[in-house]
Amino acid sequence: MTLELVLRGGRVVTSGGNGVADIGVAGGRIAQLGGEMRGERELDARGKLVLPGGVDVHVHLSQPHRPAPDSELWVDDFHSGSLAAIAGGITTIGNMTFQWAGETLAEALARDRAAAARDASVDYVLHPVLTDPAPEHLAEIPALAAKGYGSLKVFMVSPQFDANAEAYIEAIASAGANGLTTMIHCEDGPIILCTCRRLLALGRGDVAHWPESRPDYAEAAAVERAIAISRATDAPLYLVHISSQAALEACRRARADGVPVSVETRPLYLHLTSERLREPDGAKYVGAPPLRETADVRAAWNALYDGTVQTVCTDHAPWTLEQKLDPSLDVTNARQGVADLDTALPMLFSAGVGSGRITIERFVELVATNPARLFGLYPRKGTIAVGADADLVVWDPELERPVEAAKLQSRAGYSVYEGERVRGWPIVTIARGEVLLEDGAISAAPGRGYWLARNRD
């Protein structure tokens, strides 16, 4: 039998090991590993790594509220975000779908499903964000699992959370009872309100004081509370973008005690520290939680190494530089988030695998296998195995080049890593057997991405 596509001679890497093998693809899936094969098209991967496509379950490619004439919006959508993902070796994304004012969860999901069906070039899942825990919206939660969704998202930092804590805990309990994982942004809203008011009163409300406005103890307090909620409800939690040593230590203790808590960090906390916010254009580095200190960066890398952290995802939230540097903004309303889909995997590979901090197998586990497992996509996604989707990245571990915003696919137009020399980049990205990136060019039709129902096995 002649296969549709054969990758020849690459070092195939999974979370369990690596070895040189040919890969045969048919019908969008991996049909053969090793042995004799021939393909209608063959790609030479000798001297290169072949990795499973990245699975980034934390991106923002739709808006958090209904657009208004005077509102500032994130600048990537499912189309441009897909291109950035492909350039960065990511073939599956998980988008945060916010419940707009007056919407049901079902209406919010239908809105984003329609946009993604039109524009997404990579496969995707949607995480419904519960912004209004009214009884009628809590009643929707059991149906989410039946419809193939695997998650719910909650922001502890929102004023809504403490004002409706009992309802939110009920939502988390319901999600767990129905097989959903609750994703939680862990920062304590009332503490942050207090610190912001104090900074403003002292005349220190400019964005350079962003780390002081959202201190590590505000994150750690929220993490401890989330862990307590998990204990009380037996509901599994996925703690997004954990940034500080204090919060990571709380997560480590909880996991050692068997609490069903999974932990994500994002690239910002592995590569940058709070001193960047004191630069003249420091507002471009604003994220929530904020950049931390050198000890926290060290703790984050240790947590990757020892298993405290399960995933590295981008929290891709793309603003333009002009939007980020708006001089009218302060610690109460600075624009949070950066674009990172193009750069997250190369940066982690270069600083992690390239420096010996993590193995190549651990890299694959963090960016592909674990997120696929946690959100019900494995083994269709996140690994290289017969029967899995042929989401494959040919990776050149020796290719070195600087991060240059002008060459990135995100519409943000800048990178917080501008000029950083990175060694190890994807040179071919394949999704469900279709070559989408080759020779520096992306050919990916809008709408070719599939919505993925969770695997209930």
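Every number here is computed from the coordinates shown, using simple stated rules; none is lab data. All values reported here derive from a predicted model rather than from experimental measurement. So basically every Cβ, Gly included, is an ideal-geometry build from the backbone, and we count neighbours across all protein chains shown.
Which of the following values of volume of the Cα convex hull per residue in Å³ was calculated from the structure shown: (1) 134; (2) 191; (3) 217?
It is the one labelled (1).
Could you give the angle, 0 to 90 degrees to the nearest 10, between helix 165-177's Cα long axis and the longest principal axis of the Cα atoms of the chain?
The two axes meet at around 20 degrees.
How many lysine pairs are close in the chain, with Cα atoms under 24 Å apart and the two 8 or more places apart or on different chains?
Numbers: Lys48/Lys381; Lys48/Lys407; Lys147/Lys381; Lys153/Lys381; Lys284/Lys324; Lys284/Lys407; Lys324/Lys407.
For the chain, the number of qualifying lysine pairs is 7.
Could you check what % of the DSSP bridge pairs in the chain are antiparallel, to the nearest 5?
Values: 31 of 66 bridges.
Percentage antiparallel, nearest 5: 45.
Apply the Karplus curve 6.51 cos²θ - 1.76 cosθ + 1.60, θ = phi - 60°, to the phi angles in region 226-236 and return the couplings in whole Hz, x for Gly and Pro.
So the J values, rounded to whole Hz, are 4, 4, 5, 5, 4, 4, 6, 10, 6, 8, x.
How far, in nm, would the chain grow between Glu72 and Ala232 when pulled straight, counting 0.36 nm per residue and subtracting the alpha carbon separation? Write down the numbers at each step before the final one.
Values: separation 160, 0.36 × 160 = 57.60 nm, distance 3.90 nm.
Full extension from Glu72 to Ala232 adds 53.7 nm.
Of Ser158, Ser213, how do they rank once you tally other Cβ atoms within 10 Å and put the fewest first?
Details: Ser158 17, Ser213 25.
The order, fewest Cβ neighbours first, is Ser158, Ser213.
At 7 Å along the Cα-to-beta-carbon direction for both Ser355 and Thr294, put a label point, then send me their distance in nm to one decimal.
So the label points at Ser355 and Thr294 sit 1.2 nm apart.
I want the local charge near Gly88. Using Cβ-Cβ distances under 10 Å, sum +1 for each Lys or Arg and -1 for each Asp or Glu among the other residues.
Values: positive: none; negative: Asp56, Asp340, Asp342.
That works out to -3.
Before anything else, pin down the relative contact order of the chain: Cα pairs under 8 Å, at least 6 apart, normalised by residue count, whole percent.
Details: 1069 pairs, mean separation 100.5, N = 457.
Rounded, it is 22 percent for the chain.
Which whole-Hz ³J(HN,Hα) couplings does region 63-69 yield from phi under the Karplus relation 6.51 cos²θ - 1.76 cosθ + 1.60, θ = phi - 60°, glycine and proline marked x?
Whole-Hz 3J(HN,Hα) from phi for region 63-69: 7, x, 8, 5, x, 10, x.
From the C-alpha coordinates alone, can you work out the Kirkwood hydrodynamic radius of region 319-457, in Å?
Numbers: mean 1/r = 0.0581 Å⁻¹.
It works out to 17.2 Å.
Given labels modelled 7 Å from the Cα in the Cβ direction, how far is it in nm from Asn455 to Arg198?
4.8
Quick one: Lys284, Lys147, fewest Cβ neighbours within 10 Å first, how do they rank? Don't jump to the answer; show the numbers that get you there.
Working: Lys284 22, Lys147 11.
The fewest-first ordering by Cβ neighbours comes to Lys147, Lys284.
To the nearest 10 degrees, how steep is helix 189-201 against the longest Cα principal axis of the chain, on a 0 to 90 scale?
The helix 189-201 is inclined about 60 degrees to the chain.
What do you get for the angle between helix 105-119 and the principal long axis of the chain? Use alpha-carbon atoms, 0 to 90 degrees, nearest ten.
Tilt of helix 105-119: around 40 degrees.
When the chain is fully extended, how far beyond the present Cα-Cα distance does Arg38 get from Glu279, taking 0.36 nm per residue of separation?
Numbers: separation 241, 0.36 × 241 = 86.76 nm, distance 5.54 nm.
Answer, rounded to one decimal: 81.2 nm.
Around Tyr450, which amide H atoms from residues at least 5 apart in sequence, or from another chain, sit under 5 Å from its own amide H, with H modelled in the peptide plane?
Asp123, Tyr124
I'd like to compare 364-371, 290-297, 41-48: which one has the highest average count of other Cβ atoms within 10 Å, and what's the full order after that?
Numbers: 364-371: 26.5, 290-297: 18.9, 41-48: 15.9.
Highest-to-lowest ranking by the protection proxy: 364-371, 290-297, 41-48.
Starting from the Cα-Cα distance between Ala165 and Arg448, subtract it from 0.36 nm times their residue separation and give me the gain in nm to one decimal. Intermediate values should be presented prior to the final figure.
Details: separation 283, 0.36 × 283 = 101.88 nm, distance 4.01 nm.
Here the segment from Ala165 to Arg448 would lengthen by 97.9 nm.
If amide hydrogens are placed 1.01 Å from N in the peptide plane, which non-local residues have theirs closer than 5 Å to the one on Phe98?
Val129
How far is the Cα center of region 338-370 from the Cα center of region 123-170, in Å?
A separation of 30 Å, based on Cα centres.
Check Arg292: other-chain or 5+ apart residues with amide H under 5 Å from its amide H, H built from backbone geometry?
Ser274
Provide Val386, Val286 in ascending order of the number of other Cβ atoms located within 10 Å of each residue's Cβ, fewest first.
On the way: Val386 12, Val286 25.
Lowest count first: Val386, Val286.
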